[in-house]
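Report on the structure given below.
The values are calculated or read from the model by the stated rules, or taken from the named source; none is laboratory data. Only a predicted model underlies this, so the values are computations on that prediction, with no experimental measurement involved. Neighbour counts run over all protein chains shown; Cβ positions are idealised from the backbone, glycine included.
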Amino acid sequence: MALTPILTAHWDEADSFTVAGYTRHHGYSAMRQALTTDPDAIIQLVKDSGLRGRGGAGFPTGMKWGFVPQDGRPHYLVVNADESEPGACKDIALILANPHALIEGVVIASHAIRAKRAFIYIRGEVPHAIRRMRAAVAEAYAAGHLGTNIHGTGIDCDIEVQPGGGAYICGEETALLNSLEGLRGQPRLKPPFPAVAGLYASPTVINNVETIANVPYLVRNGVEWFRQFGTEKSPGFKLMAISGHVNRPGVYEAPLGITMRELIEHAGGMRDGSRVKFWLPGGSSVPMLTEDHLDVPFTYEDMAANGTMLGTATPMVFDQHTSVVKAVARWLHFYKHESCGKCTPCREGTFWVTEIMHRLEAGHGQAGDIELLLDLCKQIAGKTFCPLGDAAATPIPAALKYFRDEFEAGMHTPADELFPPAAAFVGASA
Amino acid sequence: MTIMSNPPAPETLPVEMITVTIDGIDLEVPKGTLIIRAAEMLGIQIPRFCDHPDLEPAAVCRACLVEIEGMPKPQPSCAIPCGNGMKVRTQQSSQNAMDAQRGVMEFILANHPLDCPVCDKGGECPLQNQAMQVGRDDSRFDIEKNGFEKPINVSAQILLDRERCVNCARCTRFADQIAGDPFIDLFDRGSGQHVGTSSDQPFDSYFSGNVVQICPVGALTSAKYRFRARPFDLVSVPTTCEHCAAGCSLRTDIRRGEVQRRLAWNDPLVNREWNCDKGRFGFAYTEANRITSPLVRDADGVLRPASWPEAVAAAAAGLRGGRMAVLTGGRHTVEDAWAYAKFARIALGTDDVDFRARPQSAEEAAFLAAHVAGSGVRVSYSDLDRASFVLLVGFEPEDESPILHLRLRNAVQKRRLAVAAVAPYASLGLTKLDAHLIATAAGDEARVLRALGDDLIAKLSDNAVILVGERLATVPGAYSAALSLALRTGARLAWVPRRAGDRGALEAGLLPGLLPGGRPLTDPAARAEVAAAWGTTAEHLPTEVGRDLEAIIANAGDYAAVLVGALDPADTADPSRTLAALERIPFVVSLEQRASAVTELADVVLPVAPVAEKAGTFLDWEGRARSFPQALKQSHALTDARVLAMVADAMDVLVGMQQVADLRGEIDTLGAWAGARVAAPSVEPQATHGVTLATWNQLIDSGVLQEGDPYYAATARPVVAYLSAATAAGIGVADGDTVIVATAAGSIEAPAMVTVMADNTVWLPTNNEGSHVRSALHAAHGAQVTITKGGAA
């Protein structure tokens, strides 16, 4: 399947991130069209397109917009740019190269949900992206694309770019809202859902960067155009950030339905001497697959049928020099570090599981550790306050499904002995 | 209506009922009932830590997971209301729910230290109990546990052991949602998350002890009780708090004849499950300076121990011939107050009685007799829950009736109850009530009430409540203005006294001219009713309306003897003048628990029982009867009534009054007065001159019933003098400078705090270390003072 550069079409142009560069390729024309369209018609368009949230959960975007009650309270649009998922690196790239698609999408989406104010919440560890986004917003204001009475339509839209404080949990939408309000970044009890009482207890829509950036292209080109990409249940195109042991890791844009084998081809193939050992379709929070799954299409439905999830569709691929135990231990350490501490299973479970993973990695595993790990993951999954716990409980059972022997080796042999790190470097004699 | 009546049960509104099925059992519950509560109704105990009925659901501990048909994951039963037709399966019938609960319990125990043998909570610990219910027999956690420094002081009184903490957030949610003192919070994240205080704001709360009680583990302990007892060695007795007039139901825990601690007892109509730190920690006063035997002053002037018969005979002999006065203070049970009232009228033949141990006025006495005495429950806590508007006049709920403050705050939080306050400044308490401040210089309250704006008058409908406090006694015209405001608008008016015994003393008739149940002394029918109840005839009751405390002090030379019960001269308007008056009276009988300034000069001292050692009844500010049994059963201390009965016997006067139950019977039989009442006062306001003193007693202060617990005393608010910016500028004072507040009697120095406040008034706490307004200034609220800038700060 061929690549389909749409959001990424002009990333190689020197001024792709400016109003001029964006406008040269029909930028902001969808906004002019949308601002004279009935908001409900835009919501219907997005519903008809079948666009699903690009942040990982894949919730139908039009349906989300349709939940917002029209009761006189102010509405808010919040763009989730807290991209922190291990392996995911698409939103930051989009902000760097094509921020005006996001801004145009924000204006259209705000109009659709009757919001006059939008917030772009960017993770705090990427100051270059924050600077780029702020500059783009300032430029859009100067060009009259933002502010009051945009291009004489009588429609207002203000954007505020807010950096986060550096917490993975703030990518969870209600924790993000708390953080935006200046509270501790911990998820909120639902209901009420953000659509009813979100930011400042007002109806709020929270969308991923890529989702919103899709909107101008969808509005400009229509539902039929959009649905020519992807499948019935997974329509459209997707930013795929492939990382790992391929020759050209990076962001590729392809229709949903592309396979990992094709994507690896586009990324220049596996590195010399490398072959696929295991890979994850969309971030560390989805179960891993193996070489046997390279022909599974990147769609919500096909990934689910193979026991995993599409997630952010930012695949990580690992070759035969990689210790599964070590990789999983790193991820667990990450979840332990990022657990917000609010609920017991996540707070205590990630702490405990990580300790066991570290001793397995060191070759100091104890009899019963594998069973204990499986038990503990079962005690975390589905029991936590928010999906962070589910994510943390994902890697171990999946890894044990395919690579149990490596865990058993952890009872006596350090991972670095089984898989010498030096061998993984490019140019190492395999 | 009886004197010791209870308010009618709050009306129940019709509720929509729905049917839920729990473990196969169909149950009808009001819509909105949480699953965990519905399960309780069936006797199914679902484990829980973060859940608390008075706190908003948090669903953070995850101990209460259950299965709900149609939902793929187990759900927290503490946060999900029952739905009609919902099918729930708890650990009783669902292996999934049981597995989920077991898993969570294992996680909760993972980092919990096994120090139960030295933990205060051991034996009454929800974690211990629930670990027995759904925990494993042994631990699979074989790695080093998370460590924290322990314990750390959250306040002088409250200690925090973060290793024991299970992060349920009950304490932080209590501080935020109930007390409104969010000075503790959760810090950091993940397994490092812990409760802590902010470095620049200490845990300043009058309600801090509640967090110890609701902590489901031993993470929060009190310095007072720490390591003092094991729960299974304690005997628990219900008590009514003897401090303020809020009427809190408490539990007294006793070990080997000593009170170890007090807890809030659940009374949904009054204090719910909370109390204040004064009620919780203020019980050590009985430990020091107790009078253990009767004392009689010898011919050579030395007070020496005596036998009961000797002391009683001496008292009886001294209480004869000449004019007598009875000063009781506001700390007695209704039964004891009744005994004083009866003893004064029958045995001593005097109407010179007064329970008010504080600055007072004739207007106040008339207001109490006309509007409060014998009126039953005019306003109840439940009425506040329904009120459309509450106007506070000369009353600081957080300091003077903290549970009333919490109930008001609850209504403010839950249903945006509008509160306004005629007060000098927006205190911390008023701020937490979101109260609209009608900034009023001390002494100006009456004029402000008469000139209330139309917007406020419009809010004073018949569903509005006006609460007036005791400091209005020294503001001429204030009670008159409040009464007429209530009459004019239909708003209900309630008097909130500061002491547990005030309302009971009023009902017992411990005011000159006022017999029990609001009966005027001068009304023949009232006299006849009272005489019959007291087993005598009307001609044996005094006929002349007697003198109040101030008049008794002013005319001390007229008296042959005075009977003093639990009156602290330091609380009166001019303590030295009060003491001098008592010294001048030839014969003083003192009924006291502890050595005091009065026992020092008394001729006969008769020891009486503190609250923990007797049964009785307090009437709270509502007028609700709050009876309690004797907590320390082995005590042989006598009630005031019993001692008075002995003295009466020795005087050959028959008064009865031997048993608390007899007295209750007498009180209930007489009931309240149905006839014409004492005329309402109608006093004109007076203009204030210069700078006036605003003052009231803070909750935690130097009161004698708060002695004996240094940790508690250390949680008192520091003394500051509040001034408006203009008033401060007038004397060249800025925040933190020393301001000197002076009268002819003396002065007090305190650091100035500039705040939004009426001009030409300065506020000081009445009775704190460094600010003893009565003894230093001989001044009451509204008095004229001078203010100057102090020397180098």
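Taking region A:170-275 and the helices (runs of 4 or more DSSP H) fully enclosed by it, the elements with 2 or more residues that are within 30 Å of A:ALA423 (Cα to Cα) are at A:260-266. Within region B:88-145, the residues that satisfy the criterion of being over 36 Å from the mean Cα position of the chain (by Cα), assigned to a loop (DSSP other than H, G, I, E, B) and within 22 Å of B:GLN193 (Cα to Cα) are B:ASN111, B:HIS112, B:PRO113, B:LEU114, B:PHE141, B:ASP142, B:ILE143, B:GLU144, B:LYS145.
When B:ALA473, B:ALA508 are checked against the criterion of being farther than 30 Å from B:HIS689 by Cβ, buried (at least 23 other Cβ atoms within 10 Å of the Cβ), among the aliphatic types (A, V, I, L, M) and touching a residue at least 40 places away in the same chain (Cβ under 8 Å), B:ALA508 stands alone in meeting it.
In the set A:ALA398, A:ALA422, A:ALA391, A:ALA367, which member is more than 8 Å from chain B (Cβ to nearest Cβ) and not in a helix (DSSP H, G or I)?
Details: A:ALA398 fails: not in a helix (DSSP H, G or I); A:ALA422 fails: not in a helix (DSSP H, G or I); A:ALA391 fails: not in a helix (DSSP H, G or I).
Just one listed residue meets the conditions, A:ALA367.
A single member of B:VAL66, B:VAL60 is under 34 Å from the mean Cα position of the chain (by Cα), surrounded by 24 or more Cβ atoms within 10 Å (Cβ to Cβ) and within 13 Å of chain A (Cβ to nearest Cβ), and it is B:VAL60. In region B:74-88, of all residues being among the aliphatic types (A, V, I, L, M) and more than 14 Å from chain A (Cβ to nearest Cβ), the one that is surrounded by the most Cβ atoms within 10 Å (Cβ to Cβ) corresponds to B:VAL88.
Per the conditions (1) touching a helix residue (DSSP H, G or I) at 6+ places or on another chain (Cβ under 8 Å); (2) away from chain A (no Cβ under 14 Å); (3) crowded, with 20+ Cβ neighbours inside 10 Å, the sole criterion not satisfied by B:ASP181 is (3). Assessment of region B:612-620 against the conditions (crowded, with 23+ Cβ neighbours inside 10 Å and of a type in the set (A, V, I, L, M, F, W, C)) yields at least one matching residue. Considered as a group, the residues in region B:139-156 that are within 13 Å of chain A (Cβ to nearest Cβ) and either free of Cβ contacts under 8 Å to residues at least 12 places away in the same chain or of a type in the set (A, V, I, L, M, F, W, C) (or both) include one that is nearest to B:ASP204 (Cα to Cα), and that residue is B:GLU144. Is there a residue in region B:192-203 that is within 14 Å of another protein chain (Cβ to nearest Cβ), of a type in the set (Phe, Trp, Tyr) and without any contact (Cβ under 8 Å) to a residue 60 or more places away in the chain? Checked region B:192-203: no residue is within 14 Å of another protein chain (Cβ to nearest Cβ), of a type in the set (Phe, Trp, Tyr) and without any contact (Cβ under 8 Å) to a residue 60 or more places away in the chain. Of the residues making up region B:224-249, those that are among the hydrophobic types (A, V, I, L, M, F, W, C) and under 27 Å from B:LYS614 (Cα atoms) are B:ALA229, B:PHE232, B:LEU234, B:VAL235, B:VAL237, B:CYS241, B:CYS244, B:ALA245, B:ALA246, B:CYS248. The set of residues from region B:569-593 being closer than 25 Å to B:LEU777 by Cα, among the polar types (S, T, N, Q) and buried (at least 23 other Cβ atoms within 10 Å of the Cβ) comprises B:THR572, B:THR578.
Name the residues in region B:418-450 that are over 22 Å from the mean Cα position of the chain (by Cα), of a type in the set (A, V, I, L, M) and surrounded by fewer than 22 Cβ atoms within 10 Å (Cβ to Cβ), would you?
Initially, region B:418-450 is screened for residues over 22 Å from the mean Cα position of the chain (by Cα), giving B:418, B:424-425, B:436-450.
Filter once more, keeping what is of a type in the set (A, V, I, L, M): B:418, B:437-439, B:441-442, B:446, B:448-449.
Matches in region B:418-450: B:ALA418, B:LEU437, B:ILE438, B:ALA439, B:VAL448.
Can you spot a residue in region B:609-620 that is outside any loop (DSSP other than H, G, I, E, B) and either within 17 Å of B:LEU295 (Cβ to Cβ) or free of Cβ contacts under 8 Å to residues at least 12 places away in the same chain (or both)? Even if it seems obvious, please write down each step before you answer.
Filtering region B:609-620 for residues outside any loop (DSSP other than H, G, I, E, B) gives B:611-613, B:616-619.
Among the residues that remain, those that are also either within 17 Å of B:LEU295 (Cβ to Cβ) or free of Cβ contacts under 8 Å to residues at least 12 places away in the same chain (or both) are: none.
Scanning region B:609-620, I find no residue that is outside any loop (DSSP other than H, G, I, E, B) and either within 17 Å of B:LEU295 (Cβ to Cβ) or free of Cβ contacts under 8 Å to residues at least 12 places away in the same chain (or both), so the answer is no.
All conditions in (1) under 23 Å from the mean Cα position of the chain (by Cα); (2) of a type in the set (D, E, K, R); (3) at pLDDT below 95 hold for B:ASP298, with the sole exception of (1).
Listed by position, the helices (runs of 4 or more DSSP H) inside region B:649-750 whose residues that are surrounded by fewer than 17 Cβ atoms within 10 Å (Cβ to Cβ) and at pLDDT 95 or above number at least 3 are B:725-730. Only a single criterion out of (1) within 18 Å of B:VAL212 (Cα to Cα); (2) not in a loop (DSSP other than H, G, I, E, B) is not satisfied by B:GLU310, namely (1).
Residues that are touching a Pro at 6+ places or on another chain (Cβ under 7 Å) and either within 30 Å of A:TRP225 (Cβ to Cβ) or modelled with pLDDT of 95 or more (or both) occur at least once in region A:61-72. Mind checking whether some residue in region A:331-340 is crowded, with 20+ Cβ neighbours inside 10 Å, within 14 Å of chain B (Cβ to nearest Cβ), among the aliphatic types (A, V, I, L, M) and assigned to a loop (DSSP other than H, G, I, E, B)? Checking region A:331-340: not a single residue is crowded, with 20+ Cβ neighbours inside 10 Å, within 14 Å of chain B (Cβ to nearest Cβ), among the aliphatic types (A, V, I, L, M) and assigned to a loop (DSSP other than H, G, I, E, B). Only one entry of B:GLY329, B:GLY282, B:GLY321, B:GLY301 meets the criterion of being touching a residue at least 60 places away in the same chain (Cβ under 8 Å), of a type outside the set (Val, Ile, Thr) and surrounded by fewer than 16 Cβ atoms within 10 Å (Cβ to Cβ), and that entry is B:GLY321. Could you list all residues from region A:349-364 that are in contact with a Ser or Thr (Cβ under 7 Å, 6 or more places away or on another chain) and either more than 10 Å from chain B (Cβ to nearest Cβ) or without any contact (Cβ under 8 Å) to a residue 40 or more places away in the chain (or both)? Across region A:349-364, the qualifying residues are A:PHE351, A:GLY363.
Would you pick out the residues in region B:263-292 that are assigned to a helix (DSSP H, G or I) and touching a helix residue (DSSP H, G or I) at 6+ places or on another chain (Cβ under 6 Å)? Give the derivation first.
Applying the first criterion (assigned to a helix (DSSP H, G or I)) to region B:263-292 yields B:277-281, B:284-286.
Passing the criteria: B:ASP277, B:ARG280, B:PHE281, B:TYR285.
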